[in-house]
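Enquirer: The following block contains the structure, expressed as structure tokens.
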Amino acid sequence: MWASLAKNLLRSKVQFSAAYTSLKAARNRRFPCGSLLHVSRWQHTAPVYEQTCLTEAMIRNVETLDAERFVCVHWEDGGRSLYPYVWLRDNCQCPHCFLHSAKARKLPIENLDVNTGLSHLNLTDTNKVSITWPDNHQSEFDAQWLKKRCFSKESRAEMQEELFVQEHQYWGSDLKIPTMSYEDVLKCDQTALQWLCTLREMGIVLLEGAPVKQGELVRLGRRIGYMRHTFYGYTWQVQDKIDANNVAYTSGKLSLHTDYPALQYPPGVQFLHCLKQAESGGESEVVDGFNVCNKLRKQNPAAYDILTSTEIDFTDTGVDYCDFSLQSKQQIIELDPSGELLRINFNNATRDSVLNVPPEKVQPFYSALKEFVDLMNQPENTFYYKMRPGQVVTFDNWRILHGRKSYESGGEVSRHLEGSYLDWDVVMSRLRALKRKLQNSS
């Protein structure tokens, strides 16, 4: 099976750079997203073993720890896992408590006894944990299901990585954009999964061979699920326009930015399809914003703290799909609750003149922002490329800052890109669905 899978992967025509490939090999890392057939690396108190869905979890014995209100599962490999009584009762898998067709809990939280005890515990002949609760309700838990949800720190981190694919490969001016076939992404599930995993990890993937006509991004969006409709439409045309309602719709230079910070929830992924390229100028530039953030944190922690704590107003006003008047407040560097990088919100064109900070904090803010932007524009952090008709660049709008060099514009349209947005929720949904489909088919 593995040999067959390897052949299929080779046929997917994904062109990764030699440098990127060798780096991945040197780190002895898995294929993006772990593996097409990877379920989880079960981790508990025993030495770490990699297992796939083909490896069955075996229980040696179970016991109750009444003082802590835990069920303790001892595994055949020597490890053990602890499961709180209340969690087990809340996650009973019987038809009365769980709707399997929807994979959704039916047991209301108001009916849950959070201080529940346990009347009886045993290990069945079919390697399942059977529990009888004080009200005589019975629950049964599969060993594989339990092991995947082990509460150890390592297992919890592993599950989060499997669900959200949080690892990033940082880069600078030495970027070799991972390149894939547009048609293969549309037709081959393995290639589509590779595309989305690489997009998540690297932040940018270039697709080649798309028909040079408007509307192709709709096909690509449907491959994932659905695109995001904004005030600029379902798709939008990036070209030089009279009385432009966006600085992107001019032939001038575009400074590095992320799109749409004027929305409270900016789009997570952006597609740009090249339909016509200017003969002179129009080169694209991209920066790994997370890489630059990490450098700023080391170089000037005070500036980093200012940009992660100060809420900045963004605005966008005009008429396109309909008239709009947007206003939002964002940290330029946004962190998640654990303090990790979540999103960059920066577009100098739509940064509002309203600055809701005390006057003594204005100068420090500008100094911090200027240092951040100067760091972005350093040659070692910026990568330039010029798109050709038929290419579609797909990138993480929460992580990658993009810009454009100016180009010559005459009486006719000299440069034309079609763009669209998707939310990360939709992209990650398709990634997980493809992964599950390929696992089940194997």
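Enquirer: Put +1 on the Cβ of every Lys and Arg and -1 on every Asp and Glu Cβ in the chain; which of Tyr407, Leu275, Ala104 then has its Cα farthest towards the positive end of the dipole?
Expert: Leu275
Enquirer: If you count only protein heavy atoms and use a 1.4 Å probe, how large is the accessible surface of His100, to the nearest 10 Å²?
Expert: 100 Å²
Enquirer: Same structure, new question: Grab the beta carbon distance between Asp77 and Glu161, set R0 = 35 Å, and tell me the FRET efficiency rounded to 0.05.
Expert: For R0 = 35 Å, the calculated efficiency reads 0.95.
Enquirer: As a test of reading the structure, rank His120, His416 by solvent-accessible area (1.4 Å probe, protein chains only), most first. Don't skip to the answer; put the middle values down first.
Expert: Values: His120 100, His416 25 Å².
Reading off the accessible areas and sorting them downward yields His120, His416.
Enquirer: What label, among (1) 0.95; (2) 1.23; (3) 1.03, belongs to Rg/Rh (Cα atoms, Kirkwood Rh) computed from the structure on display?
Expert: (3)
Enquirer: Turning to a different aspect of this structure: Report, in debye and to the nearest 20, how large the dipole of the range 86-242 comes out about its Cα centre when Lys and Arg carry +1 and Asp and Glu carry -1 on their Cβ.
Expert: In total the dipole reaches around 420 debye.
Enquirer: Next up: For Lys276 and Ala104, FRET efficiency with R0 = 45 Å and r from the beta-carbon atoms, rounded to 0.05?
Expert: Values: r = 48 Å, r/R0 = 1.07.
Taking R0 as 45 Å, the efficiency between Ala104 and Lys276 is 0.40.
Enquirer: So, taking all protein chains as they sit and a 1.4 Å probe, how much accessible area belongs to Arg432, in Å² rounded to tens?
Expert: Approximately 70 Å² for this residue.
Enquirer: Assigning unit charges at the beta carbon (Lys, Arg +1; Asp, Glu -1) and nothing else, what dipole magnitude in debye, to the nearest 20, does the chain show about its Cα centre?
Expert: 1200 debye
Enquirer: Aspartates and glutamates within cross-link reach of Lys295: Cα-Cα under 15 Å, excluding same-chain residues under 8 positions apart?
Expert: Straight-line reach from Lys295, under 15 Å: Asp305, Glu340, Glu371, Asp374, Glu380.
Enquirer: Which of the three applies to the range 113-267, rounded, prolate or oblate, going by the alpha-carbon gyration tensor with a ≥ b ≥ c and a/c under 1.5 meaning rounded?
Expert: It is prolate, given that a/c is not under 1.5 and a/b is the larger ratio.
Enquirer: With unit charges on the beta carbons (Lys and Arg positive, Asp and Glu negative) and the dipole taken about the Cα centre of the chain, which residue among Ser309, Gly233, Ser442 sits farthest to the positive side?
Expert: Result: Ser442.
Enquirer: Mind running the shape call on the range 369-442? Use the C-alpha gyration tensor, a ≥ b ≥ c as the square roots of the eigenvalues: rounded below 1.5 for a/c, prolate if a/b tops b/c, oblate otherwise.
Expert: Oblate, because a/c is 1.5 or more while a/b does not exceed b/c.
Enquirer: Another question, if that's okay. Figure the gain on full extension for Tyr226 and Asp135 (residue separation times 0.36 nm, minus the Cα-Cα span) and round it to one decimal in nm.
Expert: This chain segment gains 28.1 nm when fully extended.
Enquirer: How big is the accessible area of Lys128 in square angstrom, nearest 10, if you roll a 1.4 angstrom probe over the protein chains?
Expert: We get 70 Å² for Lys128.
Enquirer: Suppose every Lys and Arg Cβ carries +1 and every Asp and Glu Cβ carries -1, with no other charges. What dipole size does the range 278-387 come out with about its Cα centre, to the nearest 20 debye? Present the calculation step by step, with values, prior to reporting the outcome.
Expert: Numbers: 9 positive and 18 negative charges, 73 e Å.
Approximately 360 debye in magnitude.
Enquirer: Can you pick out the pairs among Lys176/Lys435; Lys276/Lys405; Lys276/Lys386; Lys176/Lys253; Lys176/Lys386; Lys241/Lys276 whose Cα atoms lie more than 19 Å from each other?
Expert: Values: Lys176/Lys435 26 Å; Lys276/Lys405 15 Å; Lys276/Lys386 11 Å; Lys176/Lys253 23 Å; Lys176/Lys386 13 Å; Lys241/Lys276 15 Å.
Where the Cα-Cα span goes over 19 Å, the pairs concerned are Lys176/Lys435; Lys176/Lys253.
Enquirer: Taking a probe of 1.4 Å, how large is the accessible area per residue of the range 67-124, in Å²?
Expert: 56 Å²
Enquirer: While we're looking at this one, here's another question. Given a 1.4 Å probe and heavy atoms of the protein chains only, how would you sort Met428, Met58, largest accessible area at the top?
Expert: Met58, Met428
Enquirer: Also, quick follow-up: Order the following by accessible area, largest value first: His229, His96. Probe radius 1.4 Å; ligands, DNA and RNA are ignored.
Expert: Result, largest first: His96, His229.
Enquirer: At Ala302 and Lys253, where each label point lies 7 Å from the Cα along Cα→Cβ, what is the point-to-point distance in nanometres?
Expert: With each label placed 7 Å out from Cα toward Cβ, I get 3.0 nm.
Enquirer: Hey, any idea what % of the chain's accessible area is carbon plus sulfur with a 1.4 Å probe?
Expert: 50 percent
Enquirer: Under a straight-distance cross-link criterion of Cα-Cα below 19 Å, which aspartates and glutamates are reachable from Lys147, leaving out those fewer than 8 residues away in the same chain?
Expert: Counting by Cα, and skipping residues close in sequence, Lys147 has these aspartates and glutamates nearby: Glu50, Glu56, Glu63, Glu76, Asp77, Asp90, Asp125, Glu158, Glu161, Glu162.
The values are calculated or read from the model by the stated rules, or taken from the named source; none is laboratory data. These numbers were taken from a predicted model, which means no experiment stands behind them. Cβ sites come from the backbone with ideal geometry, for glycine too, and all protein chains shown count toward neighbours. With ligands, DNA and RNA removed, areas are computed over all heavy atoms of the protein, side chains included. Shrake-Rupley method; radii C 1.70, N 1.55, O 1.52, S 1.80 Å.
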